[in-house]
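Every number here is computed from the coordinates shown, using simple stated rules; none is lab data. The structure presented is a predicted model; accordingly, all values stated were derived computationally and were not measured. FYI the Cβ positions are ideal-geometry reconstructions off the backbone, even for glycines, and counts take in every protein chain you see.
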Amino acid sequence: MKKLAIMICALCVVSTAAQAATEKLGTAETKAPESTSIKQEQPANNEGIKNPPSKEEMIKKRKAREAAFEQKLGLTEAQKAQVKELRIQGHKKMKPVMEQIKLKKQEARVVKLSRISVEMQEEKLAAIDKDLAKLEKQANEIRKQNMKDFEAILTKDQKKILKQMKKEGRENFKKGQHHCPPPCPPQEAEQKIKTEDAK
């Protein structure tokens, strides 16, 4: 009988909360059919946020980077064909390793969400981390071998250009000139939060 009373009380609390939420939303139910389109314009307060690029845009950008890379190195048509074959072979070698890494990461998420004891979680996660470290090492070895294979088809001048390109890339990365915008310094972040709160 106590269980029934507790369940009824819980249902009352949930229904009261749901009723309060619908009252706060007001006419949200009547507006729902209008917002069925997938792509919507960003609200005014998210003006600086960009939508992620589509798959086609990403492919187009990657091909443009590849073409610029090949042009800067001055690859011949024969070298371009060899590079394409090396990419295909490298992808074939890397794909199973990356799939295993993906599975291990999913396994770790499942363990973290499981209801097993903390000690058991830590043990399982430690084993998964060891496996991930081995797989990451294997992936890095494949990358190194792919780079060696690539450098083997280059001339001495092209190798010098590649070395310079790598150096510039590392310097740009250190300067923060890579794909991710640099984080705000703490003072600027606090100022942004204060100005947003004032609005």
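Of note:
- The modelled label-to-label distance for the pair residue 54/residue 101, using points 7 Å beyond Cα in the direction of Cβ, is 2.9 nm.
- Taking θ as phi - 60° and the Karplus parameters 6.51, -1.76 and 1.60, the scalar couplings of the stretch 151-160 work out to 5, 5, 8, 8, 7, 4, 5, 5, 5, 5 Hz in sequence order, x denoting glycine and proline.
- Checking the Cα-Cα distances for 93/137; 72/166; 55/112; 50/166; 84/148; 102/174 against a 20 Å cut-off, the pairs over it are 55/112; 50/166; 102/174.
- Two-site label geometry, residue 63 and residue 88: point separation in nm, points 7 Å out along Cα→Cβ: 1.7 nm
- Dimensionless Rg/Rh of the stretch 71-152 - Kirkwood Rh, Rg from C-alpha atoms: 1.23
- Here the Karplus curve 6.51 cos²θ - 1.76 cosθ + 1.60, taken at θ = phi - 60°, turns the phi angles of the stretch 55-71 into couplings of 4, 5, 5, 5, 5, 4, 5, 4, 5, 5, 5, 4, 5, 5, 4, 4, 5 Hz, with x standing for Gly and Pro.
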